[in-house]
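Participant: Sending over a structure as structure tokens; questions will come in a sec.
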Amino acid sequence: MDLLSYIGQLARRKDTLMERAQELVSEHKTVEGMEEEMTERNRALVARFKENRIRFSEFQRIAADETVTASAAGLMLGLKKTELSSVRWAEATKILVYLWRFFEVVEKAEKEGRLVTPDYAEWEDLDLDDIDPDELDILIDEMGDDWDINSAQVPASWDGVESRLNRYTSSPIYGMAAAGTMGLNQSLGVKSMMRVCRNDKRSCEDCITWDGMGWRPIGSLPPPGQGCRCYDNCRCYVDYR
């Protein structure tokens, strides 16, 4: 299925996916809970695809549905609403463009037999607490795929497929919830916002820049996860007054 075909079906399936998002919020109630749930769902989905229990087209459809569901749930959590306006619904579907790029490279890798299950036995006795953080970053990169969400890099392992899928269905929940919270504060008449960066070695230049701007009119700064190269890895937060 191509992206336009899927988007064309969204209008008639909106109510169903909205109900799924409502259930996700109701059952898990926090960003952390929803992220954990989506991670587990992704693990099961990738396993089914890997074991040839579902076709690629079914993997694609389920992953797309889960992505929209999770994004909508994040917005609902932040807005403290169980319904989304047309504008907010459109916001929940924006990530689909990047998801379809992911589908293209996964389908290519699977057809070419390039996806393998890596042997991590050599890591079993590794004490990560004794490793310098910079060295740990390198080791993590070697163990799996730490891709930029816009990358068209072909995955090298099934673990890489799962990791990348989490970057569409699980990790963005934080940013969606932050965007919803900003919308809620705007509706309540809050006037000012300040985006606060963690200011650690994982903070990107964009986040540090937003942090340095201090208090600004609400809406003039992007919510965490937007307007920065951290994207779904962003863990900035926003103060309001």
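Participant: Please state the shape class of segment 1-107: rounded when a/c is under 1.5, otherwise prolate if a/b exceeds b/c and oblate if not, all from the C-alpha gyration tensor.
Facilitator: Values: a/c = 2.13, a/b = 1.32, b/c = 1.61.
Verdict is oblate for segment 1-107.
Participant: Right, next: Over segment 25-108, calculate the relative contact order: mean separation of alpha carbon pairs under 8 Å at least 6 apart, over the residue count, as a percent.
Facilitator: Relative contact order here is 30 percent.
Participant: Protein chains only, probe 1.4 Å: how do 95, 7, 62 rank by accessible area, largest first?
Facilitator: Greatest to least solvent exposure: 7, 62, 95.
Participant: While we're looking at this one, here's another question. Please work out how much accessible surface residue 79 shows to a 1.4 Å probe, ignoring ligands, DNA and RNA, in Å² rounded to 10.
Facilitator: Only protein atoms counted, so the area is about 20 Å².
Participant: Please list 111, 14 from largest to smallest accessible area, probe radius 1.4 Å, with all protein chains kept in place.
Facilitator: Descending order: 111, 14.
Participant: Less than 14 Å Cβ to Cβ from residue 205, Lys/Arg counted +1 and Asp/Glu -1: what total charge do the surrounding residues give?
Facilitator: Overall, the nearby charge balance is +2.
Participant: Probe 1.4 Å, all protein chains in place: accessible area of residue 36 in Å², nearest 10?
Facilitator: We get 120 Å² for residue 36.
Participant: A follow-up question, please. At 1.4 Å probe size, with no ligands or nucleic acids counted, give the accessible surface of residue 240 in Å², nearest ten.
Facilitator: 60 Å²
Participant: Leaving ligands and nucleic acids out of the surface, order 176, 193 by accessible area at 1.4 Å, largest first.
Facilitator: Result of the area sort, largest leading: 176, 193.
Participant: Near residue 108, which lysines are there with a Cα under 29 Å away, not counting those fewer than 8 places off in the same chain?
Facilitator: Counting by Cα, and skipping residues close in sequence, residue 108 has these lysines nearby: 50, 94.
The values are calculated or read from the model by the stated rules, or taken from the named source; none is laboratory data. Bear in mind that the values here come from a model prediction, so they are computed numbers and not experimental data. Cβ sites come from the backbone with ideal geometry, for glycine too, and all protein chains shown count toward neighbours. All accessible areas refer to the heavy atoms of the entire protein, side chains included, with ligands and DNA or RNA removed. Shrake-Rupley method; radii C 1.70, N 1.55, O 1.52, S 1.80 Å.
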